[in-house]
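Notes follow once the structure below has been shown.
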Amino acid sequence: MPWEHLPFISDFHGFQPRKLADCDLESDLGKRADPLTIPDNVLRQQCEHYLEIQVDMDHQDDDVLMQDSAISDTLLERFTETCRRANALQLMPDWLSLVQAITSERCSDVCEDDYVLNCELKWLRTNVLPWLSHVMQEPGNNSVNGCHISPISVTKIFDLIREFPTSQPVIEDLKIAIEKLDLFDDIQNALIEVLQTRLLHLGASTSDILDQYTCCIRCVKIWDPTCDILVPIIQLMEDYIQHKRLFIADGTKRHDSATKSVRKEAIRAVVGKVRDLLPNEDPIYVFELSELDGSAPSEDQEMMDDKPTRLKRWQRKSSDTVAMLISICGPIEIFVKGYEEKLREALCSSADYDTDEEIMKLEVLKQHFPKNTMIRCDVMVADINESRRLDRQIHQTVRGIPSEFHVAVLSRFYWKNPEDENEEDGDEDEYDEEHNDDASIRLWPGFQQAMDLYEAEFRRIRVSRKLQWLPSQGMTTLELQFESGVEEYRVDPVSAMVISMFENETGPKTSKQIAEAIHVQETKVLDSLELWEDKGVLSLTATGEYKLCRV
């Protein structure tokens, strides 16, 4: 039977049973005996004899080890005494510099993409520091590794922020070094310097700035949960977005129209970033009434000037990325108006009156503000939902309206451009002037008849209401036939009318010629021409004319 099945084999577990049976025991048995068939009592007797021999050998090994240890201790004492004398005579090298150089080299290959601090500290404690205690006759310093991990990381701080959360291991390692070496001021100065030199310059994209800003907030929250480091960074970012972007390279202020355009672009970028983040799992920060319009009562101002109170507020707010982005706009009402404008565009361009995604984002966003702050947005969404029901009813009742012709009925006051409300007088006139194009725009064939039928049924259903058509608003789906095949585009009605001017003629046209033909302002025509140029359908010639570049 196999040796593993011997009945007493468990008694000798750990003493190499196969070797006992095949080698050692066989030499002590008679020539006629088989170690695997002899009686158990005989084999047990032989094993016990071997065990006694093995125990004696183990005792001998322990004696040898003790002798070796004593010799090692003696040699180590001699080595330590020699080092002490050499240190007294200043004959020893700068051991700390050598250790720092080795530590720096060990960290250079791995500190960018993995956790290394705990591993390196363990290496220091188990190898380097005990050795230093002998050669220097004093304990080493646990900060040796931290001192060299932190400068390596600070020099690449922008890359760490940009690559977050991939760079989170080194971010967390750097946190330990910052705490142990009290590098909070150093990391704050390094952050401000790197943001000013590598991010906040006139050529930077606002969208890219906001992306790096959100990553920076998360990194700083790891390094300093108190947010003391974060406050000057927030002030730097707000100052740049709200003020410094309004100046051109030579330091002179931009023209008023350029200023307005830059501000609008910045707000749109913030709104777009917020919409991309919604919904998220961040703890929601609720803005107070004093933050809504940027004016705080005097008693609140005193509280805000109290540093612990201010830091506590930033600690709560910095956990909510959406709230931090909203704050960058200045008074919260500026962001709210920007969101209303973006929501208006999104709802007007939605297919089949789909509002589910917008409702989800809006409901999450409303939790950040006092009640009724987003009342305009609520009315906009309600209008689209009511338009869906009304449009379905009219199409079922009236014949002659094309199936692809759909109307969104909007509440005039709530859908006005937020910029119109900044005018002191003549709001109605400004609104009418903005939509002068809608009264004279050239419509697609058959659309006027569809509009008349639709309006007649609407007046029957809503006796007290009347329609003011805005045919330049909304979205149009059209198919363009090229030699390579048919391609579908979804654009605004003005852009659809502009490209229709090239339907039967391939000759180049100017923006002025197109504007006169379709009765639309030339500035809007230029926007549409640029859109088709970006899509690769039209191209601009050296003479300032546009022509088809795809046939």
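The rows are residues; the columns are (1) touching a residue at least 40 places away in the same chain (Cβ under 8 Å); (2) within 26 Å of V407 (Cβ to Cβ); (3) of a type outside the set (A, V, I, L, M, F, W, C).
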{"position": "I441", "(1), (2), (3)": "yes, yes, no"}
{"position": "K524", "(1), (2), (3)": "yes, yes, yes"}
{"position": "G544", "(1), (2), (3)": "no, no, yes"}
{"position": "C549", "(1), (2), (3)": "no, no, no"}
For segment 381-396, state whether one or more residues are of a type outside the set (S, T, N, Q) and touching a residue at least 60 places away in the same chain (Cβ under 8 Å).
yes
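To keep it simple, each residue is scored yes or no on (1) hydroxyl-bearing (S, T, Y); (2) surrounded by fewer than 16 Cβ atoms within 10 Å (Cβ to Cβ).
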| site | (1), (2) |
| --- | --- |
| L362 | no, no |
| Q367 | no, yes |
| K371 | no, yes |
| A382 | no, yes |
| S387 | yes, no |
| L410 | no, no |
Scan segment 531-548 and give yes if some residue there is of a type in the set (A, V, I, L, M), farther than 20 Å from L443 by Cβ and part of a loop (DSSP other than H, G, I, E, B), otherwise no.
yes
If a residue has to be surrounded by 13 or more Cβ atoms within 10 Å (Cβ to Cβ), at pLDDT 75 or above and in a helix (DSSP H, G or I) to count, how many in segment 426-451 make the cut?
4
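Taking segment 489-518 only, how many residues are assigned to a strand (DSSP E or B) and under 20 Å from M475 (Cβ atoms)?
Taking segment 489-518 as the starting set, the residues that turn out to be assigned to a strand (DSSP E or B) are 489-491, 509.
From what's left, under 20 Å from M475 (Cβ atoms): 489-491.
Summing the residues that are assigned to a strand (DSSP E or B) and under 20 Å from M475 (Cβ atoms) in segment 489-518 gives 3.
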Counting just the residues of segment 466-491 that are of a type outside the set (S, T, N, Q) and without any contact (Cβ under 8 Å) to a residue 12 or more places away in the chain, which one comes out nearest to D354 (Cα to Cα)?
E488
Across segment 508-522, what is the total count of residues that are touching a residue at least 40 places away in the same chain (Cβ under 8 Å) and more than 28 Å from S387 (Cβ to Cβ)?
1
Looking only at segment 159-179, count every residue that is of a type in the set (S, T, N, Q) and buried (at least 17 other Cβ atoms within 10 Å of the Cβ) and tell me the total.
1
Condition first: under 46 Å from the mean Cα position of the chain (by Cα), in contact (Cβ under 8 Å) with a residue 12 or more places away in the chain, under 22 Å from I384 (Cβ atoms) and surrounded by 17 or more Cβ atoms within 10 Å (Cβ to Cβ). Can you find one or more residues in segment 496-507 that meet it?
yes
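The values are calculated or read from the model by the stated rules, or taken from the named source; none is laboratory data. Values in this document were obtained by computation on a predicted structure and should not be read as measured data. A quick note on method: Cβ atoms are made from the backbone with ideal geometry, for glycine too, and the neighbour counts reach across all protein chains shown.
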